[in-house]
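Structure, as structure tokens:
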Amino acid sequence: MESESETGAAADTPPLETLSFHGDEEIIEVVELDPGPPDPDDLAQEMEDVDFEEEEEEEEGNEEGWVLEPQEGVVGSMEGPDDSEVTFALHSASVFCVSLDPKTNTLAVTGGEDDKAFVWRLSDGELLFECAGHKDSVTCAGFSHDSTLVATGDMSGLLKVWQVDTKEEVWSFEAGDLEWMEWHPRAPVLLAGTADGNTWMWKVPNGDCKTFQGPNCPSTCGRVLPDGKRAVVGYEDGTIRIWDLKQGNPIHVLKGTEGHQGPLTCVAANQDGSLILTGSVDCQAKLVSATTGKVVGVFRPETVASQPSLGEGEESESNSVESLGFCSVMPLAAVGYLDGTLAIYDLSTQTLRHQCQHQSGIVQLLWEAGTAVVYTCSLDGIVRLWDARTGRLLTDYRGHTAEILDFALSKDASLVVTTSGDHKAKVFCVQRPDR
């Protein structure tokens, strides 16, 4: 959910034979995935004709599945106020994921442990349609760049795409166990990472497919870079690969001391795609040049500075990096940790600027576009807003009776939408006196 920004077209990637790698990195042979139905060899038509251009569409409305919250602090099923304006209550189990339509920010899609996904309206919680047919917990959901399509993915690897205006399913595919899923920022192209180490890329709805084969371990997180031509993918063995999406080559591979000493948990890119942040269960956040593939900075919070280094594949019991991101207006980066620490780093000096403590683990963080305000959601069920310049808590929003599992922020930062283990999604109206 980084701020979208386009850079000039990067130079064409040289053939794999001429790529220079540093340190102990190795050139990876990229092969098409052969096991499993359907055979990607039949699907993988190079996708040279993918047009990374934009289109347009609108959305509609339908019915029910919502509860309007009272304006003043109301005591819910747990003690404490409910600051939310709308509660979406159609899920019958934990709600794992939420995404807003990028074009209008009027629709949300949520997926949950009940094997269901719903598209609904933010203003009143009105249900538009159910994304039916999943057979496992829906852990990934998101709208295409132009809001015309919505994709949902479950843990078993079943992915489905729906056309928003007609509410019709237009594409589906069964991959391996799903780890992550993301739409291309400027084209109807869907990417996903699976537990067999592969990263998949499909043109939707015609289904043209490419696979990018990583190491023999799960592809745990991924992000398409702002230029739309490259993607950064993190793996369970601590390696990081920057892929050329058109050629199918790994442009850079970071492994060993350049990579992480444990599974990657999250990746992010700055606005122009020149810098990448990677986070891992090894409690490190690494700043990587997307151009050279070199690590240019390593961040650790002071609270875990004395923690012994982990062996390969070994996870920290007490802490890990859970989320990270770049500020769009200042040279700052934020890293959220499982122990509840929000660390704000100054990228120009590569020093810790502020350390903001939460009562429980941070699940996700998001920067507000055009400001130095960081939003965090945590296992205590609270959304908090922090001023990264001062480290001061600006405000918080409460209402969930269990941990928050995901959240999304509208483009104008007027709405925060959360999902929780309490089986609900909530819409909070953000009111800040400083703007």
Rounded to the nearest Å, the spacing of the alpha-carbon centers of the stretch 207-270 and the stretch 102-141 is 28
Quick one: accessible surface of Glu85, probe radius 1.4 Å, all protein chains present, in square angstrom to the nearest 10.
50
Largest-first ordering by accessible area, 1.4 Å probe, given options Leu394, Leu379
Leu379, Leu394
According to a simple spin-label model (label point 7 Å from Cα along Cα-to-Cβ), what is the distance in nm between Ser318 and Lys135?
4.4
Solvent-accessible area of Thr152, probe 1.4 Å, all protein chains present, reported in Å² to the nearest ten, please.
0
Which of the trypsin sites (Lys or Arg not before Pro) found in the stretch 357-434 are in a DSSP loop and have at most 15 neighbouring Cβ atoms, other than their own, within 10 Å?
Arg389
Taking 8 Å as the Cα distance limit and 6 or more residues as the minimum spacing, I'd like the relative contact order of the stretch 228-308 as a percentage.
20
Quick shape check on the stretch 336-435: root eigenvalues a ≥ b ≥ c of the Cα gyration tensor, a/c under 1.5 is rounded, otherwise prolate if a/b tops b/c, else oblate, and it reads oblate
Whenever you get a sec, compute what percent of the accessible area on the stretch 138-271 sits on carbon and sulfur atoms (1.4 Å probe).
44
Hey, what's the Kirkwood Rh for the stretch 384-426 if you take every pair of different alpha carbons, in angstrom?
11.6
Given H placed on each backbone N at 1.01 Å, which residues far from Arg353 in sequence or on other chains put an amide H within less than 5 Å of it?
Ile344, Tyr345, Asp346
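If each residue of separation counts as 0.36 nm, what is the full-extension length gain between Cys429 and Thr257 once their alpha-carbon separation is subtracted? Could you put the intermediate results ahead of the total?
Working: separation 172, 0.36 × 172 = 61.92 nm, distance 4.41 nm.
Additional length available on full extension: 57.5 nm.
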With the other protein chains left in place, how much accessible area per residue, in square angstrom, belongs to the stretch 103-153 at a 1.4 angstrom probe?
25
For Asn206 and Lys167, compute 0.36 nm times the residue count separating them, minus their Cα-Cα distance, and round to one decimal in nm.
12.3 nm
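The values are calculated or read from the model by the stated rules, or taken from the named source; none is laboratory data. Bear in mind the structure is a predicted one, so any value in this text is a computation, not a measurement. Cβ coordinates were reconstructed from backbone atoms using ideal geometry, including for glycine residues, and neighbour counts include every protein chain displayed. Accessible surface is based on the protein model in full, side chains and every heavy atom, while ligands, DNA and RNA are left aside. Shrake-Rupley method; radii C 1.70, N 1.55, O 1.52, S 1.80 Å.
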